[in-house]
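Right, one structure below, let's go through it.
The values are calculated or read from the model by the stated rules, or taken from the named source; none is laboratory data. Keep in mind that what you see is a predicted model, and the values were worked out from it rather than measured. Here the Cβ is made from the backbone with ideal geometry for all residues, glycine too, and neighbour counts use every protein chain on show.
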Amino acid sequence: PSMSSTAADSLTFWCTCPPGLEDLARDEALESLASFDVRSVEASRGRLVCNIAAPLADGDSQNQLIRSVLNLRMPANHFLVFYECCPFDLSESLDRLIDLVPQANWQLAMSAWRTLFYEPDGRHSEIQNVGHEPLPDYKFTRSKPYQAGDSQPKLQSSEDPSPNDQAPSGPKVKDPSKLSFRCTCYRAGSGHSFQSMEVAAAVGAAVQDYFGWNVDLKNYDIEVVIWIEGPLVRICLSLNRLCMDFRGQLVDVGSTALRSTIAAGMIRLCQPRSGEIICDCMCGSGSIPLEAWTTHQNAYHLAGDCHPVAIDKCAANIANWCQRWDQRSPVELIRWNLCQFPVRPGTVDVFLADLPFGKRLGSRRENASLYPAALSAMAKSCVPVTGRACLLSADRKNLSRAIKLMSEYWTIARTIGVGIGGITASIVLLNRTATTKSAASVVAPGAKSD
């Protein structure tokens, strides 16, 4: 078997991204990490694996690389791989998997953790050891080999009473001089004779014996992740506390709020240029305009919606963004009816829209008239020839009909299928034709097109 503890010559990052947008995420990684020696970027369903040559023995360069990976807009979760093995026989027991704990490159993992999370003057002021050395008396033993299906190994969490206490007076207090951690397992493929929870419990017990850390499943300092895909095993360090789907930008969201990672993919498809006008005509909670301003600050951003609740939510999120970054509002927010679009003809360069799917909001019957009306209004205000529109919808039948109906003004440049919470949706990139459209020819819902 090919085994590696990810030595100092390279760093491997495993990232999750929206299913269907892997190629866009790969292009973003290659572009954003061009200043580093990128050896390979492999994309598979919902995942991205980046192998990058480790910087010279310079802590600042390694820190810069890790933060550059975290600044990628499309991945939702980022992990640093500090042990990798393939092929690995996992058909019999978890013993061999547990034995990997001492072999992993904990020096690399703890160096990255100190870069991102260590607060010596804050929450970690009482921690005595944040290094990678095991306990002096480390020896992980068990009375019999651990087999899959056995009762899970017991981790001594902060709420477990000591086995020597005959009558515990209350929950055990966590040792403030030690770090806390949790272990998580993700699996894909078949042929595994164990469950993910069994792996997490067994490896977590080994890590606890190795370092003597506290177990805390909620308020943890370190998250160790075991990723198993067929015969491939990776031991990783989680690099972000929270999923980057909303990045903390949205404090007031509705039931149909769009993930920022998908919004980033739509924006990347349009390739906005400096000075262009970018408009989200159905802004909802504001995921698209806030993400667009973050990545293209030299463009002008418009956003609007017809529903007052959506306008209030978007305004609250923009206000939170302004307070967070101490800047003025980056988006012009307007309440409008798209079918009576209050923008001069031929002025908007890029339209972005998360159209109603017809499930939680609206209906498929309403979409049959709404989609052609929306495309008609966009065609009126979009710049001929160079204008683009990127639309997201799970109602692919009505969207394709609307595009065919408006084929005089729009041509399909690219279509991508994307998974959103179990729903298969489509992102369609449209290019504006040279045909001009007058204001009088805008199609209203329920009316026939000209």
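The listed residues are 269, 302, 237, and the only one of them that is surrounded by 16 or more Cβ atoms within 10 Å (Cβ to Cβ), more than 20 Å from the chain's Cα centre (by Cα) and modelled with pLDDT of 95 or more turns out to be 302.
Restricting to region 118-134, what's the tally of residues that are surrounded by 15 or more Cβ atoms within 10 Å (Cβ to Cβ) and in contact (Cβ under 8 Å) with a residue 24 or more places away in the chain?
Start the filter on region 118-134 by keeping residues that are surrounded by 15 or more Cβ atoms within 10 Å (Cβ to Cβ), which leaves 118, 124, 127, 130, 132, 134.
Next, only the ones that are in contact (Cβ under 8 Å) with a residue 24 or more places away in the chain stay: 124, 127, 130, 132, 134.
Residues that pass the stated criteria total 5.
Can you tell me which residue among 279, 314, 306 is under 20 Å from residue 429 (Cα atoms) and in contact with a strand residue (DSSP E or B) (Cβ under 8 Å, 6 or more places away or on another chain)? Spell out how you get there, then give the answer.
On the way: 314 fails: under 20 Å from residue 429 (Cα atoms); 306 fails: under 20 Å from residue 429 (Cα atoms).
Going through 279, 314, 306 in turn, the sole match is 279.
Of all residues in region 394-416, exactly one satisfies the criterion of being modelled with pLDDT of 95 or more, small (Gly, Ala, Ser) and either under 28 Å from the mean Cα position of the chain (by Cα) or under 13 Å from residue 347 (Cα atoms) (or both), namely 413.
Determine if region 375-383 includes at least one residue that is farther than 26 Å from residue 47 by Cβ and not in a helix (DSSP H, G or I).
Keep residues of region 375-383 that are farther than 26 Å from residue 47 by Cβ, which gives 375-383.
Narrowing the set further to residues that are not in a helix (DSSP H, G or I) leaves 382-383.
Yes: one or more hits.
Among the residues of region 177-233, the one identified as without any contact (Cβ under 8 Å) to a residue 40 or more places away in the chain and more than 26 Å from the chain's Cα centre (by Cα) is 213.
Filter region 331-340 down to residues that are at pLDDT below 90 and not aliphatic (A, V, I, L, M) and give me whichever is surrounded by the fewest Cβ atoms within 10 Å (Cβ to Cβ). Quick ask: steps written out before the conclusion?
Step one: filter region 331-340 for residues at pLDDT below 90, giving 338-340.
Filter once more, so that each one left must be not aliphatic (A, V, I, L, M): 339-340.
Details: 339: 17, 340: 11.
Looking at the filtered set, the residue picked out is 340.
Here residue 366 does not fit the description of being buried (at least 22 other Cβ atoms within 10 Å of the Cβ), at pLDDT below 95 and closer than 25 Å to residue 399 by Cβ.
Does residue 290 satisfy the condition of being buried (at least 22 other Cβ atoms within 10 Å of the Cβ), touching a residue at least 12 places away in the same chain (Cβ under 8 Å) and over 23 Å from residue 389 (Cα atoms)?
The answer is no for residue 290.
Might you check whether a residue that is among the acidic types (Asp, Glu) and not assigned by TED's automatic domain parsing to the domain that holds residue 432 occurs anywhere in region 266-284? The answer is no; no qualifying residue exists.
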